[in-house]
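Structure, as structure tokens:
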Amino acid sequence: MISQTRYWFLLTLVVLVYIAGMFVTLFENDSAQFAVMAMRMVQENDFFTLIKGTEEYLDKPHMHYWLAALSFKVFGIYDWAYRIPGILAALLGAYSCYGLGKLLYNNDIGKFSALIFMTAQTIVLSNIDVRTDAVLTGFTIFSIWQLVLYIEKNTLQNIMLGAFGAGMAFSTKGQIALVVIGICILCHLAYTRKWARLLSWKVLMALLVFGITIAPMLYAYYLQFDLHPEKIIRGKSNRSGIFFIFWEQSFERLSGEGVGKNSNDFFFFFHTFLWVFLPWTVLALIAYWRRAKTFWKMKFAYRPQFEFLTLGGITILFFLISLAQFKLPHYINILIPLYSILTASYLYSLYRHAKHSIIKGILGVQYFILSLVFIFTLLVCFHVFKFKGIHCYIILLAVLALITYFCLKREEYYMRIITLSVYSSLLLNGVLNTHFYPSLLKYQAGSAMAEKISEHDIPVDKIYKISDRHTWAMDFYNRNPVNIVSKSELMDKSGIWIYATDQELEELQSANFHWHEQLTVDQFRITRLQIGFLNPLTRSKKLNKMHLVSLD
């Protein structure tokens, strides 16, 4: 369907976009927070204790932090080093999409699945704003692929690799990994009627491998919590880390207990999906509808040319996560591999059955999406954050010329759909990673102030704050968490700096504290963008200030 040269050329461009995002400043809150937690593991040489600021952390398990800490150990404490495990997990996820797509269908669908997965907007974003979901997604789809291989070929190696992947995913974010893997495998078993694969000594071997894989995480929880029932975690004592990860965690997420409630909108992930799977959203929705309609007509009778893993997995899991009272857009990332394979199979079926009218209509949709990306790019580069330097204009013109060439090139409609969709993702995320995010993050006070601290050679161990407000970006880029001090304790300290808001400075003045030196930076919550901020004419009205003062 697609030449090897073009396929690998597109994949190379995608990887280059990933690499460009590696060197962008870490985002607050989650990315910078998780990086600080991993950094403390390395600095304090304690890899069994999870600490968030000044609090014991009982939420997500250890694997993501261990992988980040390992990267810090090897490469040093840098933002790009923090992102390496997430990017490698994304590449593992892409290769697993290829393997599973090839196993369920054929080689072409496998290749398209990997390409769709790597260019889905939420996956590209997860490689710059790295959270636990990046590692979770990669190991989850790897586990599903290997376990399906076992079901189809009855090989010991595959079920053991599947168990290892499940253990790594479980050690990254807990029960959700097993729910996703389990439902997908059950859907496949139910459709293929290969239940006999569960009645094998190989399953016992897999359980042993799974147990060995999660043992380090369980031991760490045991050391931090089970041995210390006196610790108060979210208002409760006698907290067992092992019981939490096996039972309490997902129920807390579903009910909102402990982590809080942020959305009771059942359709949250439905409208979230419209942007997280760009530029493939419309194709995916059509693919889901057509596949569901086909199975309904067949009354779910088994046909070797079909598979129920993706459709069943998406349907059941989408319903389950929609019931949760605490929702965030990246929670849907774990389903993106399933959507990628389903979408790739539908696109291939259009090509194989020569449905030119449908393909032509979809191509029109993809042209529309590309035009929106083009307009967004021009707005970003010429209005929101204007280009500085002639080389920026030259690079942008070269990229636009390449895309225009493929828009005008006469070739099969399905090939245009694939190529232009990938270029939509590349154009959007290339501009985001190389221009928009670097410009935006100048308004993230913590990292901006850390740069000034380095320029002025201010001792980082002399910097304090007078509230428990988190300062993750400053903590990371100073390589030292900012200490908390009360105003009463300030009287006993000399030669210190205070990192404060406007209101906190007023409180210090009211308490008769004085300073002779002051550094000030702009502050905006960059993960909550507003039109007023994006408009340069009104941006100043949306900004706050953060200050660093040297007390007399």
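Every read-out reported here was derived from the displayed coordinates using simple, explicitly stated rules and does not represent laboratory data. Please read these numbers as outputs of a predicted model, since none were measured by experiment. FYI the Cβ positions are ideal-geometry reconstructions off the backbone, even for glycines, and counts take in every protein chain you see.
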>> If I take every Cα pair under 8 Å that is 6 or more residues apart in the chain, average their sequence separation and divide by the length, what percent do I get for the relative contact order?
In response: 15
> Given that compact globular proteins tend to follow 2.2 N^0.38 Å, what is the ratio of the alpha-carbon Rg of segment 17-115 to that value?
Replying inline: 1.31
> In terms of the ratio Rg/(2.2 N^0.38 Å) built on C-alpha atoms, what value belongs to segment 26-339?
Replying inline: 1.00
>> I need the calculated FRET efficiency for the pair Val365 and Gln157, taking r as the beta carbon distance and R₀ as 45 Å, to the nearest 0.05.
In response: 0.60
> Within the set Lys442/Lys487; Lys173/Lys465; Lys102/Lys409; Lys487/Lys545; Lys102/Lys194; Lys327/Lys465, which residue pairs have Cα atoms separated by over 24 Å?
Replying inline: Lys442/Lys487; Lys173/Lys465; Lys102/Lys409; Lys327/Lys465
>> Just want the answer: with Cβ charges of +1 for Lys and Arg and -1 for Asp and Glu, which residue in Leu378, Tyr78, Gly241 is farthest toward the dipole's positive end in the chain?
In response: Leu378
>> Relative contact order for segment 26-339: what percent, with Cα pairs under 8 Å and sequence separation of 6 or more?
In response: 19
> Across every pair of different alpha-carbon atoms, what Kirkwood hydrodynamic radius in Å does segment 444-551 reach?
Replying inline: 14.6
> Residues with beta-carbon under 15 Å from that of Thr119, excluding Thr119: net charge, scoring Lys, Arg +1 and Asp, Glu -1?
Replying inline: +2
> Cα to Cα, under 18 Å, and not fewer than 8 places away if on the same chain: which aspartates and glutamates meet these conditions relative to Lys60?
Replying inline: Glu28, Asp30, Asp46, Asp129, Asp133, Asp226, Glu248, Glu252, Glu257
> Quick one: putting +1 on the C-beta of Lys and Arg, -1 on the C-beta of Asp and Glu, what dipole do you get for the chain around its Cα centre, in Debye to the nearest 20?
Replying inline: 2780
> With each label point set 7 Å from Cα along the Cα-Cβ vector, what nm distance links Ile395 and Lys297?
Replying inline: 4.9
> Listing Val384, Val74, Val15 from the residue with the fewest other Cβ atoms within 10 Å to the one with the most, what is the order?
Replying inline: Val74, Val15, Val384
> Is the shape of segment 150-213 best called rounded, prolate or oblate, per the rule: a/c under 1.5 gives rounded, else a/b larger than b/c gives prolate, else oblate, with a ≥ b ≥ c the square roots of the Cα gyration tensor eigenvalues?
Replying inline: oblate
> Tell me, Thr5, Thr132, Thr434, Thr520 in order of fewest to most beta-carbon neighbours within 10 Å?
Replying inline: Thr5, Thr520, Thr434, Thr132
>> Expected output is a single nm value to one decimal: the length gained when fully extending between Glu517 and Ile19, i.e. 0.36 nm times separation in residues minus the C-alpha distance. What is it?
In response: 175.4 nm
> Per Stokes-Einstein, at 25 °C and 0.890 mPa s, what whole-number D in µm² s⁻¹ belongs to segment 356-442, with the Kirkwood radius over Cα pairs as the hydrodynamic radius?
Replying inline: 178
> What number, in percent, do you get for the relative contact order of segment 119-189 if the mean sequence gap of Cα pairs under 8 Å and at least 6 apart is divided by its residue count?
Replying inline: 33
> Any idea how far the Cα center of segment 9-76 sits from the one of segment 527-552, in Å?
Replying inline: 27
> What is the fewest-to-most order of Val460, Val180, Val521, Val124 by other Cβ atoms lying within 10 Å of their Cβ?
Replying inline: Val460, Val521, Val124, Val180
> When you take every Cα atom in segment 416-479, what is the radius of gyration, and what is Dmax, the widest Cα pair distance, in Å?
Replying inline: 18.1, 58
>> Could you order the peptides 276-284, 375-383 from most to least packed, using the average number of other C-beta atoms within 10 Å per residue?
In response: 276-284, 375-383
> Put +1 on the Cβ of each Lys and Arg and -1 on the Cβ of each Asp and Glu in the chain; which of Met217, Ala32, Met205 then has its Cα farthest toward the positive end of the dipole?
Replying inline: Met205
> Residue by residue, what Karplus-based ³J(HN,Hα) values in Hz, rounded to whole numbers, does segment 378-386 have, using 6.51, -1.76 and 1.60 with θ = phi - 60° and x for Gly and Pro?
Replying inline: 5, 4, 5, 7, 10, 9, 4, 10, 5
>> For Ile484, what residues show an amide H to amide H distance below 5 Å, using hydrogens built from the backbone and excluding near sequence neighbours?
In response: Lys465
>> For a bin width of 5 Å, list the pair-distance distribution of segment 305-376 built from all Cα-Cα distances, rounded to whole %.
In response: 3, 13, 17, 15, 18, 17, 13, 4, 1
>> From the mean inverse distance of alpha carbon pairs (Kirkwood) and the Cα radius of gyration, derive Rg over Rh for the chain.
In response: 0.99
> Can you list the lysines whose alpha carbon sits under 18 Å from that of Lys293, skipping same-chain ones fewer than 8 residues off?
Replying inline: Lys355
>> Quick check: pseudo-label points 7 Å beyond the Cα along Cα→Cβ at Leu402 and Ser240, how many nm apart are they?
In response: 5.6
